[in-house]
Ligand code: XMP
């Protein structure tokens, strides 16, 4: 892999994604990894990320010069660039000139590997207080900016490169080209990592891990569990059993997409548990959001546990132990929990999601090396239906927390109808990829007066909550075109019984959350 050493800012994951966009596999490693750790991973190249420190500050993460002498191509960015300069005997100083944001860089000298094929001036994204004032010996300075006399250096012999700015952000106009020049020309790597190669690798890894044992998977209808299941199915075929708990809280068509389209396109062996009545009964009379969540979570575990026992029991009766459970863990979770250095697919025995002690499985996590967009590509390559691959984030408790008031069959039917119209119109307007997610909420406990035909109505409002976000931690309300809003409003009030008003939520997060409950 290309290893991205994380110097503690938010940039490392983004760099890894950019490397993967160049179709080369990349992973993030903490800056505390030793040179021996790094070399043991046999990296094709190393990238040193930006970070918040000054290289001379107390406790600043340091760079061991031995790493730069190991014959591995290295590319330093921002802090990584300065750390390289310091480790190689250059000078990093406070020039008194801070540069932040968009800056113009000018190429210097006749030859450059990094900037080959690019204009002599480019707009780059800077964020630094310190600057390299004297380049290390053997390094050719290939770019300058107003605030940084040494804005880039290169050494084709040792294959060491660095830039003062952030090529990974979109504001650096030729950022991706600079990175690709490093990867392809500087490090001599070939772009051959793609969805098909991920599938081949994972299939092999899953087979090696699972052997002739059986695997269980809880399918939710979301992207991650579906793609994970499809991948494991490709590896072990009918030794995988998927359990889909239909809790009746999915949107129109979603349960069917799992039950029919997913099975038809992947051939997965699926056990569907129809628990709709059970969930409705458990939720009867409940209005408090947290209580709803608790009930839905508890019932889900109970139903899944029973189904798992049945599957495990049947397989055992045939002499086939079920020892593994599929989990759709993604790479950002792995990095955030500090496990970015491992390539292992399997954590040792581990109790999952509240299952009882006597039902224990080892985990199979075939997506733990992937970002969300890569999971989607793998899903499409595996033939997972687009409706599932491109599904927006959807909360586990489903429509249960999009009804302000009691979750009844009638309220669910009303919300489903309104949601289906909103989704249809947003898709028709080509807005799916602009919106992070658009909860549609039924205010079942609120009524307002309206007039329709000749009569007075006393119905419920529907709230549209379209948001734009990167990661759901913060969000802004999406400025939808008025004509699209008008169509959705007209259709919902005309077509959905009991709804006489459509409102738009124009609150960012914070202070609002994305969901209403
Ligand atoms: P909030 O409403 O907290 O939502 O801004 C952030 C993201 O999390 C989803 N969400 C949930 N997902 N169980 C889930 O699995 C939940 O109880 C839950 N509540 C919110 C929400 O859809 C958004 O993507």
What is the Cα coordinate range of the chain on the first, second and third principal axes, sorted by size from largest, in whole angstrom? 81, 66, 40
Histogram of C-alpha separations across region 72-124, 10 Å bin width, %: 18, 42, 38, 2
Among 380, 370, rank each residue by its count of other Cβ atoms within 10 Å, from fewest to most, as a rough exposure measure. 380, 370
At q = 0.14, 0.19 Å⁻¹, what log₁₀ I(q)/I(0) does a Debye calculation on the Cα points of region 121-268 give, no solvent, two decimals? -0.77, -1.07
In degrees from 0 to 90, rounded to the nearest 10, what is the angle of the helix 409-428 Cα long axis to the longest principal axis of the chain? 40 degrees
One quarter of the convex hull surface, Cα atoms only: what value does that give for region 1-103 in nm²? 7.0 nm²
Can you give the FRET efficiency to the nearest 0.05 for residue 260 and residue 310, using r as the Cβ-Cβ distance and R₀ = 22 Å? 0.50
Quantify how much of the Cα-Cα distance distribution of region 343-481 extends past 25 Å, in percent. 49 percent
Over the chain, what relative contact order in percent results from Cα pairs under 8 Å that are six or more residues apart? 10 percent
Between residue 192 and residue 169, what is the spin-label point distance in nm, taking each point 7 Å from the Cα along the Cα→C-beta axis? 3.6 nm
Which order results if 483, 64 are arranged by neighbouring Cβ count within 10 Å, fewest first? 483, 64
I'd like the antiparallel share, as a percent to the nearest 5, of DSSP beta bridges with both residues in region 195-389. 5 percent
For region 402-504, what D do you get in µm² per second when you plug the Kirkwood radius from alpha-carbon pairs into Stokes-Einstein at 25 °C and 0.890 mPa s? 173 µm²/s
Can you give the translational diffusion coefficient of region 195-389 in µm²/s, computed by Stokes-Einstein from the Kirkwood radius over Cα pairs at 20 °C and 1.002 mPa s? 124 µm²/s
Relative contact order of region 460-517 (C-alpha contacts under 8 Å, at least 6 apart) in percent is 49 percent
Between residue 271 and residue 447, what is the label-point separation in nm under the 7 Å Cα-to-beta-carbon projection? 4.5 nm
Looking only at region 342-480, where both bridge partners belong to it, what percent of the DSSP beta bridges are antiparallel (to the nearest 5)? 90 percent
Region 269-312 and region 137-214: distance between their alpha carbon centers, rounded to Å: 46 Å
3, 504 arranged by Cβ crowding within 10 Å, fewest neighbours leading: 504, 3
Using the alpha carbon gyration tensor of region 219-290, what are the three equivalent-ellipsoid semi-axes (square root of 5 times each eigenvalue), largest first, in whole Å? 27, 11, 11
Share of antiparallel DSSP beta bridges in the chain, in percent to the nearest 5? 45 percent
Calculated Rg and Dmax of region 457-506 using C-alpha coordinates, Å: 12.8, 40
Using a simple spin-label model with points 7 Å from Cα along the Cα→Cβ vector, what separation in nm is obtained for residue 134 and residue 287? 7.5 nm
Largest first, please: the extent of the C-alpha atoms of region 2-186 along each principal axis, to the nearest Å. 40, 38, 30
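The numbers here are math on the coordinates, done by the rules we state, and not lab data. As the structure is a prediction and not an experimental result, all values here were calculated from the model. Note that we place each Cβ from the backbone using ideal geometry, even for glycine, and neighbour counts take in every protein chain shown.
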